[in-house]
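The values are calculated or read from the model by the stated rules, or taken from the named source; none is laboratory data. Note that the coordinates shown come from a computational prediction; the quantities given were computed from them, not determined experimentally. Glycine gets a Cβ as well: all are built from the backbone with ideal geometry, and neighbour counts include every protein chain shown. Areas reflect the complete protein model, heavy atoms only, side chains present, ligands, DNA and RNA absent. Shrake-Rupley method; radii C 1.70, N 1.55, O 1.52, S 1.80 Å.
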Amino acid sequence: MKAVVIHGHGGPDVMQYDPAFPDPKAGEGDVILRVKATSINYHDVFTRKGMPGIKLEFPVIMGLDVAGEIVEVGAGVEGWAVGDRVLVDPINRAEGGLMGETVHGGLAELCKARAHQLIRIPAGVSYEQAAALPVAFGTAYRMMHTIGQVQAGEKVLVLGASGGVGVGCVMLAKIAGAEVVACASSEAKMQRLRELGADHVINYSQADFTRAIYELYGKPHRRKFDGGVDVAVNFTGGDTWVKSMRCLRRGGRLLTCGATAGYDPQTDLRFIWTFELNIRGSNGWMREDLDALLALVQSGKMQVPVDRVLSLDEAGEALRLIEDREVMGKVVVTP
């Protein structure tokens with residue numbers, strides 16, 4: 001089969017297009033998919049570069065988010081048949097492992113997956129839409145809904161809004177009926193966020209987002225419940241952490257699922273007790289989060305923002321676009 005393979009960590013040059021990589025073989029409990037779409041995530045960039053504490057057995061086919069058609073069913077598999085349209089939950093929750101990292105992923109014509117990781121793609125949902133969901137939108141859904149419980153009428157600030165998870169947070173908050181303030185670093189990205197539903201946008205490279213929130217909603221008052229926002233989404237950490245706390249009204253919620261700008265910021269505990277803040281962490285997604293997302297797409301309530309679709313031999317370019325942050329929404333590769 002054709003596949004994009006890495007035989008070691010490094011830069012873009014370690015990605016090799018192999019037109020004759022061995023086909024996967026189905027074992028007990030496995031299915032073989034003909035890959036129809038794989039979306040790229042920043043995690044794929046980390047896998048290519050190497051991550052501290054994670055050792056991989058090379059060669060590796062990257063691609064966590066995989067959607068395809070079953071072409072072979074292994075022994076012991078029940079409830080699935082050749083021709084079924086499926087999405088793979090990237091995390092093997094029963095046995096451990098991650099698609100595109102510890103086992104071969106979707107940057108290939110064929111992909112082996114454990115049957116218990118499969119999710120049926122509903123009618124009316126395309127392979128490209130389904131493949132765009134798990135990592136970015138699954139993470140956003142769990143943080144905003146399952147953990148964050150964002151409600152209609154609430155004011156929500158999203159930092160890092162132009163990335164995959166950030167775009168998901170903006171869209172899901174709007175679907176919930178919230179008023180959304182999105183932060184980005186360029187006019188082009190700000191305009192795209194407006195198109196995705198953001199009510200207000202802040203260019204954080206030119207303005208202090210905390211002051212901008214005060215101008216919009218007033219400064220939070222420690223003895224009242226006015227001023228500021230109800231929810232702040234901050235998965236960057238670093239020097240934005242305390243600033244985002246200062247944007248919250250009394251009783252507000254600070255949601256996080258990562259720390260791309262630093263995991264050990266200096267935290268001012270006075271804001272937490274004085275304003276009775278809720279700090280809520282969210283880690284990845286669960287199966288039910290993906291089911292809920294597929295239902296949103298099928299119902300037409302959510303339009304998955306696929307920025308562009310590239311071919312398998314353009315997988316290196318797909319990772320570059322993500323690494324250089326030149327896209328908003330998802331980049332999808334189709335073999």
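Here are some notes:
- Residue that is modelled with the lowest pLDDT, among those in the range 241-266 that are of a type in the set (Val, Ile, Thr) and within 21 Å of LEU172 (Cβ to Cβ): THR260
- Matching option when the condition is free of Cβ contacts under 8 Å to residues at least 40 places away in the same chain and over 15 Å from ALA318 (Cβ atoms), among ASP18, ASP23, ASP30: ASP18
Per-residue answers, yes or no, for (1) assigned to a helix (DSSP H, G or I); (2) open to solvent by 10 Å² or more (accessible area, probe 1.4 Å); (3) under 25 Å from ARG142 (Cα atoms):
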position: VAL167; (1), (2), (3): yes, no, yes
position: GLY177; (1), (2), (3): no, yes, yes
position: VAL181; (1), (2), (3): no, no, yes
position: GLN191; (1), (2), (3): yes, yes, no
position: VAL201; (1), (2), (3): no, yes, yes
position: LEU216; (1), (2), (3): yes, yes, no
position: LYS224; (1), (2), (3): no, yes, no
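- Applying the condition of being without any contact (Cβ under 8 Å) to a residue 40 or more places away in the chain, hydrophobic (A, V, I, L, M, F, W, C) and part of a loop (DSSP other than H, G, I, E, B) to the range 61-91 and asking which residue is nearest to HIS116 (Cα to Cα) yields ALA81.
- Across the range 245-304, the qualifying residues are those that are surrounded by fewer than 20 Cβ atoms within 10 Å (Cβ to Cβ) and acidic (Asp, Glu), and the one among them that is nearest to SER126 (Cα to Cα) is ASP291.
- Any chance TRP241 is in contact with a Ser or Thr (Cβ under 8 Å, 6 or more places away or on another chain), of a type in the set (Phe, Trp, Tyr) and within 30 Å of LYS36 (Cα to Cα): no
- Subset of the range 50-84 (residues that are closer than 24 Å to ALA318 by Cα and modelled with pLDDT of 95 or more): PHE58, PRO59, VAL60, ILE61, MET62, GLY63, LEU64, ASP65, VAL66, ALA67, GLY68, GLU69
- Test result for PHE235, open to solvent by less than 30 Å² (accessible area, probe 1.4 Å) and of a type in the set (Phe, Trp, Tyr): yes
- For the range 47-95, the candidate set comprises residues that are crowded, with 22+ Cβ neighbours inside 10 Å and among the acidic types (Asp, Glu); within that set, the residue that is farthest from GLY10 (Cα to Cα) is ASP89.
- The range 305-320, residues that are in contact with a strand residue (DSSP E or B) (Cβ under 9 Å, 6 or more places away or on another chain) and either free of Cβ contacts under 8 Å to residues at least 24 places away in the same chain or open to solvent by 70 Å² or more (accessible area, probe 1.4 Å) (or both): ARG308, VAL309, ASP313, GLU314, GLU317
- Identity of the residue in the range 203-213, open to solvent by less than 50 Å² (accessible area, probe 1.4 Å) and outside any loop (DSSP other than H, G, I, E, B), that ends up nearest to ILE175 (Cα to Cα): ILE213
- Selection status of VAL135, open to solvent by less than 50 Å² (accessible area, probe 1.4 Å), among the β-branched types (Val, Ile, Thr), closer than 16 Å to VAL304 by Cα and part of a helix (DSSP H, G or I): yes
- The lone exception for ALA130 - which of (1) surrounded by 24 or more Cβ atoms within 10 Å (Cβ to Cβ); (2) of a type outside the set (Val, Ile, Thr); (3) in a loop (DSSP other than H, G, I, E, B) it fails: (3)
- Residues located in the range 138-149, provided they are within 19 Å of VAL304 (Cβ to Cβ) and either assigned to a loop (DSSP other than H, G, I, E, B) or of a type in the set (D, E, K, R) (or both): ARG142
- For the range 1-43, the candidate set comprises residues that are in contact with a strand residue (DSSP E or B) (Cβ under 9 Å, 6 or more places away or on another chain) and assigned to a helix (DSSP H, G or I); within that set, the residue that is least open to solvent (accessible area, probe 1.4 Å) is VAL14.
- Checking LEU290 against (1) closer than 17 Å to CYS257 by Cβ; (2) more than 13 Å from the chain's Cα centre (by Cα), the condition it does not meet: (2)
- Residue within the range 97-118 that is more than 29 Å from LEU254 (Cβ to Cβ), without any contact (Cβ under 8 Å) to a residue 40 or more places away in the chain and part of a loop (DSSP other than H, G, I, E, B) present: yes
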